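Colleague: Below is one structure. I have some questions about it.
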Amino acid sequence: MIHKVLPVGMLQCNCSVFGDEESREAIIIDPGAEIEKITEILDRHQLKVKAIIVTHGHIDHVAGAAKLRALTGAPVYMNERDLEQLDLLAVQAAWLGVSTPERTQVDVSAKEGTLLQLGPAEFHVLETPGHTQGSISLWIPQETKLIAGDTLFRDSIGRTDLPGGNPRQILSSIKAKLFDLPGEAAVIPGHGPATTIEREKQQNPFLRNL
Ligand SMILES: [Zn+2]
């Protein structure tokens, strides 16, 4: 499996490009910006995008989705509870002092149990609300990898002071869904360096009392 993590945009959102060498199909997660960096990898590895997944509706994760959808024809998956975040894109853009991006169409609501297949790998949608109400994570058991969006970071957790945030809910999402995964599972957060479930169980100062 090809897996490239590209920090994109002003807030350096970690965009993941997964590609299956057999079928030459790809899944893109969180195309926040700099779509040309993504298409360059797709071209280099001769990959065709089969799905675009957005972990939540914040501008730094979703801003490039409309453009990538138009370029590739691939469907966009996002949890329907974050459609309210897309209604706030102009507000989010104003906070950052950037222009408002095109609002993406959401083709499929990514819900608990939604399953996408890429070659031999399954991408399981886990609903992990708290950072936003529609925040999801992706668990890929064949790769022992978690794409955590802005729910869990190395040594930190997602902020809960923005619209739709809930501090108790993010902790229970981490405890019930993410800390149930194998300790050796690699975690690719929405921003910053990778980690593992075990490391965050042991060392994350926000999760001491979980
Ligand atoms: Zn966010």
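The values are calculated or read from the model by the stated rules, or taken from the named source; none is laboratory data. Predicted, not measured: the structure shown is a model, and the values here were computed from it. Cβ placement follows ideal geometry from the backbone for every residue including glycine, while neighbour counts extend to all protein chains displayed. These area figures cover heavy atoms from the full protein model, side chains too; ligands, DNA and RNA do not enter into them. Shrake-Rupley method; radii C 1.70, N 1.55, O 1.52, S 1.80 Å.
Colleague: Within region 199-210, how many residues turn out to be open to solvent by 60 Å² or more (accessible area, probe 1.4 Å), of a type outside the set (F, W, Y) and not in a loop (DSSP other than H, G, I, E, B)?
Modeller: 4
Colleague: All but one of (1) within 14 Å of N79 (Cα to Cα); (2) exposed (fewer than 15 other Cβ atoms within 10 Å of the Cβ); (3) of a type outside the set (D, E); (4) in contact with a helix residue (DSSP H, G or I) (Cβ under 6 Å, 6 or more places away or on another chain) hold for P129, so report the exception by its number.
Modeller: Result: P129 passes all but (2).
Colleague: Determine which single condition A110 fails, assuming it passes every other condition in (1) open to solvent by less than 60 Å² (accessible area, probe 1.4 Å); (2) more than 16 Å from the ligand (Cβ to nearest atom); (3) in contact with a strand residue (DSSP E or B) (Cβ under 6 Å, 6 or more places away or on another chain).
Modeller: (2)
Colleague: Next up: Would you tally the residues in region 169-195 being surrounded by 19 or more Cβ atoms within 10 Å (Cβ to Cβ) and of a type in the set (S, T, Y)?
Modeller: 2
Colleague: Here's another thing I want to ask about it. Against the definition (touching a Gly at 6+ places or on another chain (Cβ under 8 Å) and of a type outside the set (S, T, Y)), how does L86 come out, yes or no?
Modeller: Considered against the rule, which asks whether it is touching a Gly at 6+ places or on another chain (Cβ under 8 Å) and of a type outside the set (S, T, Y), L86 comes out as yes.
Colleague: Follow-up. Being of a type outside the set (A, V, I, L, M), open to solvent by 30 Å² or more (accessible area, probe 1.4 Å) and modelled with pLDDT of 95 or more, is that true of even one residue in region 51-66?
Modeller: No: zero hits.
Colleague: I need a count of the residues in region 51-87 that are over 10 Å from T104 (Cβ atoms) and in contact with a helix residue (DSSP H, G or I) (Cβ under 9 Å, 6 or more places away or on another chain).
Modeller: Number of matching residues: 11.
Colleague: I would also like to ask the following. Taking K177 as the residue in question, decide whether it is of a type outside the set (A, V, I, L, M), farther than 23 Å from L6 by Cβ, touching a residue at least 24 places away in the same chain (Cβ under 8 Å) and assigned to a helix (DSSP H, G or I).
Modeller: So K177 passes the test.
Colleague: So, in region 56-73, how many residues would count as being within 16 Å of the ligand (Cβ to nearest atom) and under 21 Å from M1 (Cα atoms)?
Modeller: 0
Colleague: Please find, among T132, T128, T144, T100, the residue that is without any contact (Cβ under 8 Å) to a residue 40 or more places away in the chain, among the hydroxyl-bearing types (S, T, Y) and out of contact with any Phe, Trp or Tyr (no Cβ under 9 Å at 6 or more places or on another chain).
Modeller: Working: T132 fails: without any contact (Cβ under 8 Å) to a residue 40 or more places away in the chain; T128 fails: without any contact (Cβ under 8 Å) to a residue 40 or more places away in the chain; T144 fails: without any contact (Cβ under 8 Å) to a residue 40 or more places away in the chain.
None of the others qualify; the one that does is T100.
Colleague: Let me ask something else about it. Please determine, by comparing only the residues of region 117-133 that are assigned to a strand (DSSP E or B) and in contact with a Leu (Cβ under 8 Å, 6 or more places away or on another chain), which one is farthest from the ligand (Cβ to nearest atom).
Modeller: For region 117-133, the residue satisfying everything is E122.
Colleague: Got a sec? Which helices (runs of 4 or more DSSP H) wholly within region 1-106 have at least 1 residues that are within 21 Å of G164 (Cβ to Cβ)? Give the steps one after another, and end with the answer.
Modeller: On the way: elements: 35-44, 59-62, 65-72, 83-87, 89-96.
So the answer is 59-62, 65-72, 83-87, 89-96.
Colleague: Can you find, within region 134-161, the residue that is farthest from the ligand (Cβ to nearest atom) among those that are open to solvent by less than 30 Å² (accessible area, probe 1.4 Å), assigned to a loop (DSSP other than H, G, I, E, B) and within 18 Å of N204 (Cα to Cα)?
Modeller: T151
Colleague: Within region 180-198, work out how many residues are in a strand (DSSP E or B) and within 14 Å of the chain's Cα centre (by Cα).
Modeller: The total comes to 3.
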